1. Give me the net charge of Gln26's neighbourhood, meaning all other residues with Cβ under 15 Å from the Cβ of Gln26; Lys, Arg count +1, Asp, Glu -1.
2. Over the stretch 1-44, average the accessible area per residue using a 1.4 Å probe and give it in Å², no decimals.
3. Most mobile of Pro63, Pro21, Pro11 per a Gaussian network model of the chain (Cα springs, under 10 Å)?
4. If you build the convex hull over the alpha carbons only and average its shadow over all orientations, what do you get for the chain? Give it in nm² to one decimal.
5. Quick check: Cα centre of the stretch 51-69 to Cα centre of the stretch 6-30, how many Å?
Amino acid sequence: LPRRGICRLMPNGEVDMNFNPGLGVQGAVHSIAVSEKEGLIYIGGVFIYVDGKVSPYLARLNPEGSFDPTFSSRLTPAPD
């Protein structure tokens with residue numbers, strides 16, 4: 001199944017169709033961490049946009065995969 005940069009797998013290896021990252025991640029995700037208490041998903045990697053919103057290198061997703069705009073990493077892209 002096509003996914004844009006990130007998906008969640010079920011214990012049997014199938015894609016979790018309830019996990020919806022919207023427009024996805026434009027770039028590479030290198031690290032993923034999930035908070036046990038809230039189920040929030042932290043992703044880190046070489047990207048600037050997550051679900052069409054600027055969130056360079058680090059972002060937080062809600063448990064169902066949507067981008068969490070309340071999280072700010074304060075990281076900025078390096079100038080060209």
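1. Details: positive: Arg3, Arg4, Lys53; negative: Asp51.
Net charge in that neighbourhood comes out at +2.
2. 73
3. Among Pro63, Pro21, Pro11, the largest GNM mean-square fluctuation belongs to Pro11.
4. Values: hull surface 22.8 nm².
The directionally averaged projection comes out at 5.7 nm².
5. 12
The values are calculated or read from the model by the stated rules, or taken from the named source; none is laboratory data. Just so it is clear, the model here is predicted, and its values are computed rather than measured. Positions of Cβ are generated from backbone atoms using ideal geometry, with glycine treated the same way; all protein chains shown enter the neighbour counts. The accessibility values were calculated without ligands, DNA or RNA, using every heavy atom of the protein model including side chains. Shrake-Rupley method; radii C 1.70, N 1.55, O 1.52, S 1.80 Å.
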